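Read the structure below first, then the notes.
The values are calculated or read from the model by the stated rules, or taken from the named source; none is laboratory data. Note that the structure is a prediction, hence the values are computed from the model and not measured. Cβ atoms come from the backbone with ideal geometry, glycine included; neighbour counts cover every protein chain shown. Heavy atoms of the whole protein, side chains included, go into the accessibility calculation; ligands, DNA and RNA do not. Shrake-Rupley method; radii C 1.70, N 1.55, O 1.52, S 1.80 Å.
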Amino acid sequence: KILVIGANGQIGSELVETLATRHGAENVIAADISANNVYGAKIYEVVDVLNAERLNAVIDQYQVTQVYQLAALLSATGEKAPLKAWELNMDGLLNILEIARVRKEAGKPLKVFWPSSIAAFGPNTPQVNTPQYTVMDPNTMYGISKLAGERLCEYYFEKYGVDVRSIRYPGIISFKSPPGGGTTDYAIAIFHSALRGEAYSCFLEAETTLPMIYMPDAIRATVNLMDAPAEQLTVRSSYNVAGLSFNPRELAAAIKQNLPEFQIHYAPDSRQAIAASWPQSLDDSQAGKDWGWKAEIGLDALVTSMLQNIRVTPEDQTKAA
Ligand code: VAH
């Protein structure tokens, strides 16, 4: 059985759906801190990832063999509540790693997935074609927690043999869940504005290029890494995985191809400094070598798919009217 913690989140909600399709919905337990089963998962449990006893009880109850620990505060939200971000992001991971350590010693191994991020890089990291191994000096609490988390994943693998795997996600773009407090979420909000017939006020500068990935590619990378034979994996901190890179000007131009009336304005805020400290593009060749990773979705396909799939809600339409 597979447990997805953070099942109401941007990645979690899509992973639950994909895993249910691949393994059967009866084999996937969706868990989140909210009592609200937002996406109607077949099996849903209320779990606070900071409650280790509750975590253990659910893992025992369902004989869980795989855990995706996705509960976290993202970059922009984390800067508003840095200690909460540190506690949730670090203790949430440590609770899972400790449970996996104990269960491995008891002959009941858990396979663990934990998301890192390009946010683990910092202002002195080479920004173009950022290498798998390089200077990492993150200056957001979210990025600091991701760098520390990567170190813990590698430590638990090397010292205890815990089979934990991780991806440094670029900015993930998707239409299923609303933007969740990330710095890259301008690239989601922009589509909602465009479809409402409104100009978009972008909180990043026009030329701020960031590595991004469309959700179907991000999900495919995640399940392919988890399905790869352990002996193929040479990275146990976290793999660079790239989708595509673009900046707000390029994204707006691609949207204009479909919606010629669309307008973008620029009003950079505190998130500009966060974005400027991150890479512009990634070298993900190690993921390609170890488990065959290759991105498939480019900018035009992403824009077409987002515009086709975003459901403009009735309140959106009244706004546009
Ligand atoms: C954020 N979407 O903006 C997340 C992600 C690379 C960005 O970590 O915080």
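Springs between Cα atoms under 10 Å define the GNM used for the chain, and in it the highest mean-square fluctuation of A41, A106, A199 occurs at A106. Mind checking which of I11, I33, I274 has the largest fluctuation in a GNM of the chain, springs on alpha carbons under 10 Å? The residue that fluctuates most here is I33. Taken per residue, the accessible surface of the chain reaches 41 Å², heavy atoms only and a 1.4 Å probe. Between Y169 and S116, S117, I118, the built amide H atoms are under 5 Å apart, and every one of these is 5 or more places off in sequence or on another chain.
Want the number for A25 to D60: 0.36 nm per residue separation, take away the alpha-carbon distance, what's left?
Full extension of this stretch gives 10.8 nm more.
Subtracting the Cα-Cα distance of R249 and D91 from 0.36 nm times their residue separation leaves 53.0 nm of extension gain. Against the main long axis of the alpha-carbon atoms of the chain, helix 248-258 sits at an angle near 70°. Computed in the context of the full set of protein chains, the accessible area of the chain at 1.4 Å probe radius has 53% of its extent on carbon or sulfur.
Expressed as an acute angle from 0 to 90° and rounded to the nearest 10, what is the orientation of the C-alpha long axis of helix 141-160 relative to the principal long axis of the chain? Once rounded, one gets 30 degrees.
Our Cα-only numbers for the range 1-139 put the radius of gyration and Dmax at 16.2, 46 Å.
The listed peptides 143-149, 153-159, ordered by packing as a protection proxy, come out as 143-149, 153-159 (highest mean of other Cβ atoms within 10 Å first). Taking the Cα centre of the chain as reference, the dipole from Cβ charges on Lys and Arg (+1) and Asp and Glu (-1) amounts to some 360 debye. Evaluated with a Cβ-only charge set (Lys, Arg +1; Asp, Glu -1), the range 54-132 carries a dipole of roughly 180 debye about its Cα centre, given to the nearest 20. Magnitude of the charge dipole for the range 192-240, about its Cα centre and with charges confined to Cβ atoms of Lys, Arg (+1) and Asp, Glu (-1), is about 120 debye. Taking Lys and Arg as +1 and Asp and Glu as -1, the other residues whose beta-carbon sits under 12 Å from that of A206 total -2. Taking label positions 7 Å along the Cα-Cβ direction at both D137 and K256, the computed distance is 3.8 nm, reported to one decimal. Shape analysis of the chain yields a ratio of the Cα radius of gyration to the Kirkwood radius, Rg/Rh, of 0.96.
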